[in-house]
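A quick write-up on the structure given underneath.
The values are calculated or read from the model by the stated rules, or taken from the named source; none is laboratory data. Everything quoted here is computed from the prediction, not taken from an experiment. Don't worry about glycine lacking a Cβ; one is built from the backbone with ideal geometry, like all the others, and counts go over all protein chains shown.
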Amino acid sequence: MQTAIFLGSLKDSSLQLLDFTNDLQQHYSREALETTDGPGRWNCLQVLEHLNSYYRYYFPIIEQRMASAGAQPLGEYNPGWLGAYLTRSMLPKNEAVGLKMKAFKDHSPARDMNAAAVLAEFSSHQRRLLDTLDRAAGVDMKAIRIPISIARWIKLPLGDLLSFLVAHNERHHFQMEKLLGLGHQPFALELHPSGGTRRVGSQA
């Protein structure tokens, strides 16, 4: 697919999540943000801190490798089979989170946190992601490879990693909206892992 379409869909989803985060800061009490749907379950603040942990790992690597790669934009970008699989596995389907898994230790949030600090950090990271998506249009996203945080011997092309990050965000955006009793606008992205066209997205 055209690189502009691929990155544009990731940017649309990321903008929606940034707007949602702004609403959390402006219109929701700390009590609401600390409400869970059961014992041992995460609240909204813990979800955001979980996402912050991914950004803390990935941004330094992404920015260092993009800076050293030089300008070589791609006219088209199609995720590989592994990136497409990881993206699909993260997305919510049929009003439920899809593939369920226990968070790794490095990405497990504490129980008590500073609400303002967590929200401010996430908003900053989300704006940084939007800037990264803009700059990614000017590099070879296939040549830049990023080790994934939970298995660093596995390296994904930058474009695949960005689609996985956005899908992971979408998974937890859906989770937070359910906690707050809100509806969810589905994310959709055309993936061409082996020449075919596959649309992934929430059915919520």
> Taking segment 127-141 as the search range and keeping residues that are in contact (Cβ under 8 Å) with a residue 60 or more places away in the chain and acidic (Asp, Glu), which one is surrounded by the fewest Cβ atoms within 10 Å (Cβ to Cβ)?
Replying inline: 134
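What about residue 178, is it more than 11 Å from the chain's Cα centre (by Cα), farther than 19 Å from residue 5 by Cα and part of a helix (DSSP H, G or I)? Walk me through it before giving the result.
Working: more than 11 Å from the chain's Cα centre (by Cα): yes; farther than 19 Å from residue 5 by Cα: yes; part of a helix (DSSP H, G or I): yes.
Yes.
Test of understanding: among 84, 120, 116, which residue is modelled with pLDDT of 70 or more and touching a Lys or Arg at 6+ places or on another chain (Cβ under 8 Å)?
Exactly one of 84, 120, 116 is modelled with pLDDT of 70 or more and touching a Lys or Arg at 6+ places or on another chain (Cβ under 8 Å), namely 84.
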> Going through segment 21-42 one residue at a time, which ones are more than 14 Å from the chain's Cα centre (by Cα) and either modelled with pLDDT of 95 or more or in a helix (DSSP H, G or I) (or both)?
Replying inline: 22, 23, 24, 25, 26, 27, 30, 31, 32, 33
> How about segment 125-160: which of its residues are among the aliphatic types (A, V, I, L, M), in a strand (DSSP E or B) and closer than 16 Å to residue 6 by Cβ?
Replying inline: 156
> Between a first residue in segment 53-78 that is aromatic (Phe, Trp, Tyr) and modelled with pLDDT under 95 and a second residue that is surrounded by 14 or more Cβ atoms within 10 Å (Cβ to Cβ) and in a helix (DSSP H, G or I), which pairs have beta carbons less than 6 Å apart while being 6 or more apart in sequence or on different chains?
Replying inline: 77/3; 77/6; 77/159
